[in-house]
Structures are given as C-alpha cells and as structure tokens.
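Asks: Sharing a structure, written as structure tokens. Questions coming.
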Amino acid sequence: MTAGHSPDATGFEEFARASQRRLYRTAYLLCGDADAARDLTQTTLAKLFQHWGRASAADHPDAYARTVLTRTYIAERRRRLRDFRAHTPIAAPAPEAGPELTVTLLAALAELPPRARAMVVLRYWEDLSVETVAELLRCSPSTVKSQCSRSLATLRTRLGDARLYTTPS
C-alpha cells in the first residue's frame, strides 16, 4: 500500500483498473462517441469512488458499476435534452444529408431515446436478462420487453435490409 492511500482507496484503484475497459466499452455503445464515453466512464468512476464503501460491499461490484454508468448516462441525456429544448432557436436550419452519409448501427442507435438505447445495449450487447435490465432501469420486465421490441423494429427500419454499408467518399 502506498503512503497516503487508505485500504479503501487501494481497493477502489484495483477495481477501477480492472473494470475501466469494460465500463468504457459499454459507455461507448451508449454514447456512440469516444470522448463522451471517456467522460461518462470517468464520471461513473468518480461516483463509485465517492460511494466506494457501499459499492465494494455490494454482492456484485461490477453490476453496481454498470448500474451507476447506465443511470448516469440516462440522467445526462435527459439533462441535455431539456437544455437543448430550452435553448433551441425557433428557425433552426435543417441538417444537410449528402449521398456520402454512412449508415451504421451506432448511428441508428444514436437516434433511439436514451432509455430505449440503454435497454437495447444492456439486453443485447451486454447480454443481460430482461429481469436484470428491468432492475437496473427501475421498470417492469414487460416494459423492457416492449421497449426492446419497438427499438429493434425501429433499428430494422432504419437499417433497411440489415445491410450495413458505407458509400465511397
């Protein structure tokens, strides 16, 4: 143990080193942006450090961390959406879409609402059960099933015949 570090801090450092990549991967899938994913991962680790006594005592600290990450993502997205709506000019110019637009799964995921995106990522990428996702997001299993079903239908529609392609630049 290094001088100035408590046993709790040392335990947190070991946990953070071991789980940072996994948290970042999930954050990237949620955010769709490397910088935002790094910020979300760091915010999650900061929150975990603040409550490390409770987190380290949890039966599954990794699940606890994933819950903090997911709830932080949803809260930040809601806050940004609220701020965006409050500050959006009335005559906002429409974004230009050119033929070189790249259609990817991440772009389609980015169009889903934050909660639906979180459900799809946790359910199908993280391979969590319906019950676990429901518990993480504080909703019923039937809500997870219906939201995932609708979200997958939306993704299928946006991605066409499930062909992911890029157009030459």
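The values are calculated or read from the model by the stated rules, or taken from the named source; none is laboratory data. On a predicted model such as this, the values are computed, not experimentally measured, just so you know. Cβ atoms come from the backbone with ideal geometry, glycine included; neighbour counts cover every protein chain shown.
Asks: Find the helices (runs of 4 or more DSSP H) located wholly in region 89-169 whose residues include 3 or more that are modelled with pLDDT under 90 and out of contact with any Cys (no Cβ under 9 Å at 6 or more places or on another chain), and list them. Talk me through it step by step, then tell me what you get.
Replies: Working: elements: 105-110, 114-120, 130-136, 141-159.
Correct list: 105-110, 141-159.
Here's the yes/no breakdown for (1) buried (at least 20 other Cβ atoms within 10 Å of the Cβ); (2) polar (S, T, N, Q); (3) under 13 Å from the mean Cα position of the chain (by Cα):
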site	(1), (2), (3)
Ala34	no, no, yes
Leu40	yes, no, yes
Lys47	no, no, no
Ala63	no, no, no
Leu69	yes, no, yes
Ile74	no, no, yes
